[in-house]
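Right, one structure below, let's go through it.
The values are calculated or read from the model by the stated rules, or taken from the named source; none is laboratory data. Remember, predicted model here, so these are calculated numbers, not experimental data. No Cβ is skipped: glycine too gets one built from the backbone with ideal geometry, and neighbour counts run over all protein chains shown. The area values use the complete protein model at the heavy-atom level, side chains included, leaving out ligands, DNA and RNA. Shrake-Rupley method; radii C 1.70, N 1.55, O 1.52, S 1.80 Å.
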Amino acid sequence: MANLDDAETDEASCGCKLGRVADKYDLTGLDDDLIAYWTGDADEQLSTRQLATYVNQQILSAALANADIPPREGEIENTYRLLTDDDVSSGTRVQTRNELQRDGVPVEQVESDFVSHQTVYNHLTKCLETELEKPSDEEQLERSAEKLSALQNRTAAVTSDTVSRLDRKDLIDIGEFNVTVSVTVTCEECLREYTIRELLNNGSCDCQS
Ligand SMILES: [Zn+2]
Ligand SMILES: [Zn+2]
């Protein structure tokens, strides 16, 4: 394993992406915070998805500080949302990125330094050897959603490969194509249908609450 020993600092980085960006942006105390929030030793317990947002907002905050942009109330949360939220239009996102760039923030670099919740999870469990005695409900829901979405992605990929192969062999004919996998769960009591994501987000069928 590569160990970039830096004589200037006695804080040994684990070498994973999260360790590297924590060093790069000087996010001291981050590991302690991550463990406390994840295990629930802090005032509130956060899931790895929420922790990824927490880490990324710290990265963004450090990047704005490095560009000498004076901190403003709520700005980090809002800017982060504009850069990452699915509900933000691409026009708004481009504008946000351009403004940051103009203000001297290397926005592409910053975005590529953002970590995923999977990275947070690996850092906590592998680098920091932390275990959750009892995963929170939210954590369990996220893990399950994750597995199912990986399964759907895999189904889409295999389907796409198969169709391409058959098309190449002239066994079928199709133009440019796009594969969508959608799984729905139907409540037999009221016949409402949910995507798995909707069901996990809602937590229950409307007829059950
Ligand atoms: Zn790590
Ligand atoms: Zn129902």
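For residue 111, what charge total do you get from the other residues with a beta carbon under 11 Å from its beta carbon, if Lys and Arg give +1 and Asp and Glu give -1?
Values: positive: 93, 97; negative: 108, 113.
Summing Lys and Arg as +1 and Asp and Glu as -1 gives 0.
Just the ratio, please: alpha-carbon radius of gyration of the chain over 2.2 N^0.38 Å, N its number of residues. Display every interim value, and only then the final one.
Details: Rg = 21.5 Å, N = 209, 2.2 N^0.38 = 16.8 Å.
Rg over 2.2 N^0.38 Å, computed on Cα atoms: 1.28.
Go through region 195-209 residue by residue and turn each phi into a ³J(HN,Hα) via Karplus (6.51, -1.76, 1.60, θ = phi - 60°); whole Hz please, and just put x for glycine and proline.
6, 4, 4, 4, 4, 5, 5, 5, x, 6, 6, 4, 6, 9, 9
Compute the label zone of residue 176 within region 139-160: residues whose backbone N is under 18 Å from the point 7 Å along Cα-to-Cβ.
What the label zone holds, given the 18 Å backbone N cut-off, is 160.
Pairs of Cα atoms under 8 Å, at least six residues apart: use those to get the relative contact order of the chain, whole percent.
With pairs under 8 Å counted, the relative contact order is 17 percent.
Which of 62, 175, 191 sits farthest toward the positive end of the charge dipole of region 55-209, with +1 on the Cβ of Lys and Arg and -1 on the Cβ of Asp and Glu?
175
Mind checking Rg over Rh on region 24-94, alpha carbons, Kirkwood formula for Rh?
1.02
With angles folded into 0 to 90 degrees, how steeply does helix 30-39 sit against the dominant principal axis of the chain? Use alpha carbons for both and round to 10.
Approximately 50 degrees, to the nearest 10.
Tally Lys and Arg at +1 and Asp and Glu at -1 over the other residues with C-beta under 10 Å from the C-beta of residue 60: what net charge comes out?
In short, -4.
With runs of 4+ DSSP H residues as the only contributors, calculate the mean residue ellipticity of the chain at 222 nm using -39,500 (n - 2.57) per run, divided by the residue total and rounded to the nearest 500.
Numbers: 9 runs with 112 residues, N = 209.
It comes out at -17000 deg cm²/dmol, rounded to the nearest 500.
Excluding residue 161 itself, what net charge comes from residues whose Cβ is under 13 Å from its Cβ, given Lys and Arg +1 and Asp and Glu -1?
With Lys, Arg at +1 and Asp, Glu at -1, the neighbours total +3.
Say a site is exposed when it is one of the GluC sites (Glu not before Pro), sits in a DSSP loop, and has at most 13 other Cβ atoms within 10 Å; what is then the longest site-free stretch of the chain?
Between the exposed loop sites, the longest stretch runs 74-128.
Measuring with a 1.4 Å probe in the full set of protein chains, what accessible area per residue, in whole Å², belongs to the chain?
On a per-residue basis, 67 Å².
Where a ≥ b ≥ c are the square roots of the eigenvalues of the C-alpha gyration tensor, would you call region 89-209 rounded, which needs a/c under 1.5, or, failing that, prolate if a/b is larger than b/c, or oblate? Walk me through the numbers before you get to the answer.
Numbers: a/c = 1.62, a/b = 1.09, b/c = 1.50.
Cα axes put region 89-209 in the oblate bin.
Beyond 14 Å, how much of the Cα-Cα pair distribution for region 129-171 remains, as a whole percent?
Details: 601 of 903 pairs.
That tail contains 67 percent of the Cα-Cα pairs.
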